[in-house]
Structures are given as structure tokens and as C-alpha cells.
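Before any comments, here is the structure.
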Amino acid sequence: GGQAAFSLAVLAAEGPRVTAVTNGASYGRGAAARGELLAIFGEGIGPAALRVAELSGGALPRELGGVRFWVNGAPAPLLFTASGQASIVTPWLGEGERVLRLEVERGGRRSVPWVTPLFPADPGLFTAGGNGQGGAAALNA
């Protein structure tokens, strides 16, 4: 009776991973604010095909394409989501909050939290090139 040696590797399915959180207009990094439009970049943070939100009763959805974004435990309104990028509106958190803690939930799995300072304001301008650089995308009406 010989013995056979073998090894067994169990690979856990990876959940979503956030790699950057920026101002949704200027793509500036380093802080966030209540009510700010955020651009979120990562891996597996949305479905393979782009999903764009539709207003329901005048409100943005808190779930889109099987994805939810949590900010300090509150579900965030979503504008769009795709595999590598999403856009949310930061919920109006309590005045005492000083840190934004963002998690992505997809397929029942949550990402490791992305933590950044929460400021009273974090203004940014949309630009004509759509990359946060150059002239402002503005209309003088």
C-alpha cells in the first residue's frame, strides 16, 4: 500500500475592489463632501455592461445592476455603474461625521472600505474635455 501525496487549493471568489474615489466633476482626489458627486474606480464594482440610473418618483435608485454603494452605513444614490467605474451622490451625513467610509456590495460580497476625509465642501468643475482638465464645461444663458 503506497501513499499518494496531493495538495488542494481553495480559491475564494474575490469581491469588488475600490482603487480610487474622486470628485465626479474634476477628478480631484483627497476628500469628499456631503451631497458631492463621486467617481469611483475599481475592479468588479459593477456589471460588465454599463447600467444607467432612471429616476423613480424623482429619486435616484440605491441599487443598480445588482450593486449597492454604502457610505458610512447608508445606501448611496447611484447615477451609473459598470465593471470598472461608477458614480454616486454622497448621502447627506450627520454634521459630526469627519470621515467618509465607502463600501461596494455586489453579489452578496462587500469591498474593503475606502476611507477618506469628509469636508464641508469639495467643489469641482466639469470640463469641456471630460477629464477634469482645461476649460470649464459651462453655459452662459
The relative contact order of the chain, taking Cα pairs under 8 Å that sit 6 or more residues apart, comes to a percentage of 27 percent
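Considering only DSSP beta bridges with both partners in the chain, what is the antiparallel share in %, to the nearest 5?
Roughly 95 percent of the DSSP beta bridges within the chain come out antiparallel.
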For the chain, the dipole about the Cα centre with charges only on Cβ (Lys and Arg +1, Asp and Glu -1), to the nearest 20 debye, works out at 160 debye
In whole percent, the Cα-Cα distances of the stretch 76-141 spread across 10 Å bins from 0 upward as 15, 38, 34, 13, 1
Sorting Pro77, Gly15, Pro91 by the position of each Cα along the dipole of the chain (Lys, Arg +1; Asp, Glu -1; all at Cβ), the one nearest the positive end of that ordering is Gly15
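At most 15 other Cβ atoms within 10 Å and a DSSP loop assignment: could you name the chymotrypsin sites (Phe, Trp or Tyr not before Pro) in the stretch 32-141 that fit? Don't jump to the answer; show the numbers that get you there.
Details: sites: Phe41, Phe69, Trp70, Phe80, Trp92, Trp114, Phe126; in loops: Trp92, Phe126.
Answer in residue order: Trp92, Phe126.
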Taking a probe of 1.4 Å and leaving out DNA, RNA and ligands, the stretch 17-110 shows per residue an accessible area in Å² of 47 Å²
A 1.4 Å probe over the protein heavy atoms gives the chain a carbon and sulfur accessible-area percentage of 55 percent
Sorted largest first, the Cα spans of the chain on the principal axes come out in Å as 88, 35, 34
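The values are calculated or read from the model by the stated rules, or taken from the named source; none is laboratory data. These numbers were taken from a predicted model, which means no experiment stands behind them. As a convention, Cβ positions derive from the backbone with ideal geometry for all residues, glycine included, and neighbour counts pool all protein chains shown. In case anyone asks, the SASA skips ligands and DNA or RNA and just uses the protein heavy atoms, side chains included. Shrake-Rupley method; radii C 1.70, N 1.55, O 1.52, S 1.80 Å.
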